[in-house]
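Data block below; observations after.
The values are calculated or read from the model by the stated rules, or taken from the named source; none is laboratory data. All values derive from a computational prediction rather than experimental measurement. Here the Cβ positions follow ideal geometry from the backbone for every residue, glycine too, while neighbour counts run over all protein chains shown. Please note that ligands, DNA and RNA were not included when accessible areas were found on the heavy atoms of the full protein model with its side chains. Shrake-Rupley method; radii C 1.70, N 1.55, O 1.52, S 1.80 Å.
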Amino acid sequence: SPDGAWVAILGDGVSNRGVSNKLTLVPTGAGTARTIDLPLEIRRLNPLGRERESFHVEFSTDNRRLMIPSDGAESPAARIYVHDLQDGWTKPVTPEGVPGPAAFSPDGRFVAVIEATQLVVYSVDDGTRRELRGGPEPALVARWSSDGRSLLLIERLGTTARVLRRDIETGTREFLREIRVSDPAGVVFLDVWASPDAQAYVYSAGRRTMNLFVVEGLR
């Protein structure tokens, strides 16, 4: 959570099922874990890397709402949901077949997602859909900026990733930095997280290597 007080995990906090309809909030300090029953089943993603391009549960800055992706492995179909911790409701925000990756606005009122190739913002409260200016977007949505005025995007090119900022009102794209894997041998995916202010980032790289042997003297 933004205040560092809670960690959201898929499941009941005890078992390690691959698919669950529960979400558990675990305190980082003193306190009691809280398990939330959800009206949907979501799949635990590949522990070696986040399948579906950075699927993650995200808090609003006031800790009231959670954005939850469902990959459609079970019922219902793939889409983005939002859960309100105070009022207890869970609602779908994106249409079926639009599972993200997505970004949650700091106030918890909007979800930004790539729909086909278009960058779209959905309202959590009334479900309205707004296409953003700037034309098609080839990158992936990563984070909503702290000030709510722009979106951070990750454009992946093999073992290299570019971090960009796109202004929500104008659609203008700004290059921020390039991230390169120090040793690209055998890297099959690159997964990047950026802070909302784009001043810090962390990445993980999945590597697949094999040994090649030469056998001589066969008859």
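Filtering V188, V93 for residues that are over 28 Å from D3 (Cβ atoms), touching a Lys or Arg at 6+ places or on another chain (Cβ under 8 Å) and of a type in the set (A, V, I, L, M, F, W, C) leaves a single hit, V188. Evaluating L176 against the criteria (1) at pLDDT below 90; (2) open to solvent by less than 70 Å² (accessible area, probe 1.4 Å); (3) not polar (S, T, N, Q) leaves one unmet condition, (1). The residue that is nearest to V163 (Cα to Cα), counting only those in the stretch 93-124 that are open to solvent by 70 Å² or more (accessible area, probe 1.4 Å) and not aliphatic (A, V, I, L, M), is T117. Could you grab me the full set of residues in the stretch 125-159 that are over 18 Å from V57 (Cα atoms), polar (S, T, N, Q) and open to solvent by less than 20 Å² (accessible area, probe 1.4 Å)? If the condition is that a residue be over 18 Å from V57 (Cα atoms), polar (S, T, N, Q) and open to solvent by less than 20 Å² (accessible area, probe 1.4 Å), then S150 is the only one that fits. Residues in the stretch 4-55 that are aliphatic (A, V, I, L, M), open to solvent by 80 Å² or more (accessible area, probe 1.4 Å) and at pLDDT 75 or above: V14, A30. The criterion of being part of a loop (DSSP other than H, G, I, E, B), open to solvent by 70 Å² or more (accessible area, probe 1.4 Å) and touching a Ser or Thr at 6+ places or on another chain (Cβ under 6 Å) holds for D197. For the stretch 76-92, does any single residue satisfy the condition of being farther than 27 Å from Y203 by Cα, at pLDDT below 80 and open to solvent by less than 40 Å² (accessible area, probe 1.4 Å)? Looking for residues that are farther than 27 Å from Y203 by Cα, at pLDDT below 80 and open to solvent by less than 40 Å² (accessible area, probe 1.4 Å), one finds at least one in the stretch 76-92, hence yes. Of the residues making up the stretch 132-150, those that are touching a strand residue (DSSP E or B) at 6+ places or on another chain (Cβ under 7 Å) and either among the small types (G, A, S) or over 16 Å from F110 (Cα atoms) (or both) number 9. Do we have G217 as touching a Gly at 6+ places or on another chain (Cβ under 7 Å), at pLDDT 85 or above and over 13 Å from A142 (Cβ atoms) here? Spelling it out, it is not the case that G217 is touching a Gly at 6+ places or on another chain (Cβ under 7 Å), at pLDDT 85 or above and over 13 Å from A142 (Cβ atoms).
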